[in-house]
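The values are calculated or read from the model by the stated rules, or taken from the named source; none is laboratory data. Computed from a predicted structure; not experimentally measured. Positions of Cβ are generated from backbone atoms using ideal geometry, with glycine treated the same way; all protein chains shown enter the neighbour counts. To get the accessible areas, we keep the full protein, side chains included, count just its heavy atoms, and leave off ligands, DNA and RNA. Shrake-Rupley method; radii C 1.70, N 1.55, O 1.52, S 1.80 Å.
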Amino acid sequence: MNLLFVADALETFKIYKDTTFAMMAEAARRGHSLSACEPKDLMWQRGQPVTAYVRDITLTGDPHRWFSAAQTAPHERPQALKNFDAVVMRKDPPFDSEYVYTTHLLEQAQREGAKVFNHPRALRDHPEKLAILEWPQFTGPTLVTRDAQDIKRFHAEHRDIILKPLDGMGGMGIFRVKEDGLNLGSIIETLNQGGAQTVMVQQFLPAIAQGDKRILVIDGQVVPYCLARIPQGNEVRGNLAAGGKGVAQALSPRDLEIAQTIGPVLAQRGLLLIGLDVIGDCLTEINVTSPTCFQEITAQTGFDVAAMFLQALEAAHVRSH
């Protein structure tokens, strides 16, 4: 297959942990050809298909200069997305207006015949914080609001809470407020921008001490191991980007219940890969944009997550013909 990865700049990859790199390496091992572009390289003009200025890349095996590109000038090879066998959307959040515009361009490419994973409309329909609203039976006490008084009432009821913006990633912008309510007003002002921004508030889950578990589901099939991201020191966040320690472990019966309920539903909607975040027995987020942790799980358990993903991508390509 000819694969196009829409992602952040290749030069920014930390290949020792990057999941998109793991996908590329497995694809190359299977004999597929690789191309890459950034969202800013996408273009549509009336009378023409959606195109992108792409780089055709080969992996070098050198950890420092890990790829070589056939093209040196940024505008050297405009290519219609429909000409690729699969387009893998792996742009990291923020899930901002530009991200949404990119999904519209990708959806137009789909109408022209491109095969895009994850499905662009499904990406728009499942913002990562808000997608959990569909499965309240799996979540802890949660509030979504712009209103400062709502948040204060929620704090008065639950006494120990987590506040987070809806468009963050890697633990950015997450605050914990304990029973004393210290700085609650200031944190609300920072996050909700005087009522202009919607905030998610959740009851603090002490089980975070055992890790924020990332559970991967590929085409509705659950990866048998999760990565528990355990906060370090005085940090309340388990995210690896915030310094959390990743420990791979087998899924609990509750983990499996959550994943086996949600995974097939979202696969039917075009989400080939999702990452569920679970603390204790509670679902906290559903990651659909660029779920990670392939390399950490594989290194610690021997289970080849990238191979499972490529097998699913190949099967999806066959089904589309």
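In the assembled protein chains, Lys91 presents an accessible area of approximately 40 Å² (probe radius 1.4 Å).
Note on Asp150 and Arg111: the model spin-label points, each 7 Å out from Cα along the C-beta direction, lie 3.4 nm apart.
Extension gain for the segment Tyr101 to Asn234, taken as residue separation times 0.36 nm less the Cα-Cα distance, is 44.0 nm to one decimal. Model label points for Trp44 and Arg319, set 7 angstrom from Cα along the Cα-to-Cβ axis, are 2.5 nm apart. Using the Stokes-Einstein relation with a Kirkwood hydrodynamic radius computed over Cα pairs, the translational diffusion coefficient of the range 6-119 at 37 °C and a viscosity of 0.692 mPa s comes to 224 µm²/s.
Once divided by 2.2 N^0.38 Å, the Cα radius of gyration of the range 190-321 becomes 1.13.
May I ask you to derive the relative contact order of the range 143-205, considering only C-alpha pairs under 8 Å and at least 6 residues apart, and to give it as an integer percent? Write down the numbers at each step before the final one.
Values: 92 pairs, mean separation 30.1, N = 63.
Normalised by residue count, the contact order of the range 143-205 is 48 percent.
Within the same chain, aspartates and glutamates fewer than 8 places from Lys115 are excluded, and of the rest, those with a Cα less than 19 Å from its Cα are Glu38, Asp41, Asp56, Asp85, Glu107, Asp125, Asp219, Glu314. For the pair His75 and Gln311, the difference between a 0.36 nm per residue extended length and the Cα-Cα distance amounts to 81.7 nm. For the range 133-169, applying the loop criterion from DSSP together with a ceiling of 16 other beta carbons within 10 Å to the trypsin sites (Lys or Arg not before Pro) yields Arg146, Arg159. Using the structure shown, select from Lys14/Lys40; Lys91/Lys129; Lys82/Lys129; Lys14/Lys245 the pairs with a Cα to Cα distance greater than 24 angstrom. Exceeds cut-off: Lys82/Lys129. State the answer as a single residue: which of Thr102, Gln45, Ala241 lies farthest towards the positive end of the charge dipole of the chain, with beta carbon charges of +1 for Lys and Arg and -1 for Asp and Glu, about the Cα centre. Projecting each Cα onto the dipole axis, the largest value belongs to Gln45. Give the angle, between 0 and 90 degrees and rounded to the nearest 10, that separates the Cα long axis of helix 253-268 from the longest principal axis of the Cα atoms of the chain. On a 0 to 90 degree scale, this one is about 50. Here is how the number arises for the chain: DSSP H runs of 4 or more residues each give -39500 (n - 2.57), the sum is divided by the residue count, and the result at 222 nm is -8500 deg cm²/dmol. Under the criterion of Cα pairs below 8 Å and six or more residues apart, the relative contact order for the chain equals 18 percent. Stretch Thr261-Asp160 to full length: gain in nm at 0.36 nm per residue minus the Cα-Cα span? Working it through step by step, the gained length comes to 33.5 nm. Considering only Ala114, Ala70, Ala27, the Gaussian network model of the chain with Cα springs below 10 Å gives its largest mean-square fluctuation to Ala70. At an R0 of 25 angstrom, the distance between the Cβ atoms of Val247 and Leu59 translates into a FRET efficiency of 0.30. Here's the list of aspartates and glutamates a cross-link from Lys17 could span, going by alpha-carbon distance under 13 Å and ignoring same-chain residues fewer than 8 apart: Glu296.
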